[in-house]
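Structure first, commentary second.
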Amino acid sequence: MSITQDLKPLFYPDSVALIGASANPAKVGNRILKVLKKTVTNLYPVHPLEKEVLGISVVNRIEDLPDNISLAVVTISARRAVEAVRSCAVKGIKVVVIVSGGFSEVGGEGSLLEKELIEIHKKYGTRMLGPNSLGIFLPETGLDTIFVEHGDKALSGGGGIAFITQSGSVGTEALGLASNTGYGMRAFVGLGNKVDLTETHFLEYFARDSKTNCLAFYSESIEDGKLFLEKAKEASRKKAVVILKAGRTEAGQSAVSSHTGKLAGSDNVVNGAFRQYGIQRAYDEEEICDASKALSMLNIPGGNRVAVISAAGGYGVMCTDYIEQKETRIKLHLAKFTQNTTNKLNEINLPFASTKNPVDITASADDEIYVNSLDTVLRDPGVDIVICLTFFTIPAVTKKLVGKISAKAKEFDKPVITFAQYGPYTAKYLKEFYDLGVVGFSSVYRTVRAARFLVERAEIVKSFGEDNEH
């Protein structure tokens, strides 16, 4: 069977058994059941003593479950979890998500229990996610096994990003924050300790998934690194692959060992391999969310020439500094306008505006000056990307500017990235931009950084084209 067939029961199960379903609201099995009952029709809570939980009839033994169960979610303690997984495998359940912790991440007996899970997988072929996994969340269907807050309501609109994370907390906290300003998630996968299913399996699965356009990974240690890199290069020909690889320092690598029970590789080797195989690297949880958001929503640019439009001169200067500063990732340059563009900007703007790049339309600008300046700059053949710094405190600027800029951006293939700050309403305006298909950020640095990821992606795509020519 292909990995697509193997993982279909995980993402699109016909029936789900919850091992450890509980009437106690403080228990993980209770929290997961509350979510699953909203989206799963054929749901079977399993508990040795209960008769009914949350209004659903309980099955007392795994052996008494109906045949052909697609997915089991295991939430009980480590020792009992191993026996439950064995029973699920004997029963013929196709995929088991092991939420339970207490395995190799704690060492000692936990490592031995994890080896038992590996043997069960080898003997029966049952696919396993985890242990110590938060499981999955698929906004498209609402399937959700995550028992901690993770911005699920904000992420329910769906999107094209598959977010695969070795650490549940990094994934949920980062996505919870990112969802405040809009984040288009296709799927969330918590890998946990990876006794069976690894980042490579999900890389291959989502690379083939037509609804996924960007793959984002948080990783501390990569299983079978050579195979992963080969699959990543194959995937990167069509979809962006971005990775936050933790454990960059010696102390960080030691922390990885403590967290996962596995060793991480040399960071210099990792860096070189990522570049060679078309993988884009992020260095913190904010950056991976920003990068994947931009890469999933915006067209790749034709070059690295950036135009800036701002109603505040100081912000335009800061933006210029970030664009022109030396970066090891990728170079950006301030675009040089044609004379025709400059003439048109002079016609549009007030006499005291600066129509050189960065364009300072001044605090006397209104919605129309903003939009007409954006239109003019986008038409310049020497511009590849436009950064539009929007300010809603300006007297003549209205709330309608969000819709007007978004509509104008859709008229062109060139990426437009916005910046917005408006006190406590900043996230609200950025979310409105996102809902209308425009990527925006609350800091100038993050806005320029997103442009670098787009140019880097363009270089990767170009390199694949050059490979094909030889």
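Read the figures in this text as sums done on the coordinates, not as results from a lab. Remember, it's a predicted structure, so these values are computed and weren't measured experimentally. Please note: Cβ atoms are built from the backbone with ideal geometry, for glycine as well, and neighbour counts cover all protein chains shown.
For the chain, what is the mean residue ellipticity at 222 nm derived from helices alone (per DSSP H run of n ≥ 4: -39500 (n - 2.57); sum divided by total residues; nearest 500 deg cm²/dmol)?
-13000 deg cm²/dmol
Could you pull the Cα extents of segment 330-470 along its three principal axes, largest to smallest, in whole Å?
Dimensions of segment 330-470 along the principal axes of its Cα atoms: 57, 37, 25 Å.
Distance check, please: which entries in 293/410; 233/336; 356/414; 37/194; 404/428; 408/462 exceed 24 angstrom between their Cα atoms?
Beyond 24 Å: 233/336; 37/194; 408/462.
Order the peptides 456-464, 380-388 from the highest to the lowest mean number of other Cβ atoms within 10 Å of their residues.
380-388, 456-464
Across every pair of different alpha-carbon atoms, what Kirkwood hydrodynamic radius in Å does segment 133-297 reach?
15.6
Going by average Cβ density within 10 Å per residue, which order do the peptides 292-299, 343-350, 391-398 take, highest to lowest?
Details: 292-299: 23.9, 343-350: 16.5, 391-398: 14.8.
Top of the packing list down: 292-299, 343-350, 391-398.
If you line up the Cα atoms of segment 62-195 on their principal axes, what length do they span on each, largest first, in Å?
So the three principal-axis extents are 45, 36, 21 Å.
Let's see if you can work this out: charge +1 on each Lys and Arg Cβ, -1 on each Asp and Glu Cβ, no other charges. What is the dipole magnitude of the chain about its Cα centre, in debye to the nearest 20?
360
Please give the peptides 226-238, 130-142 ranked by average Cβ packing (other Cβ atoms within 10 Å per residue), highest first, as a rough proxy for protection. All intermediate terms of the calculation are to be shown ahead of the outcome.
Working: 226-238: 17.2, 130-142: 22.5.
Result, highest mean Cβ count within 10 Å first: 130-142, 226-238.
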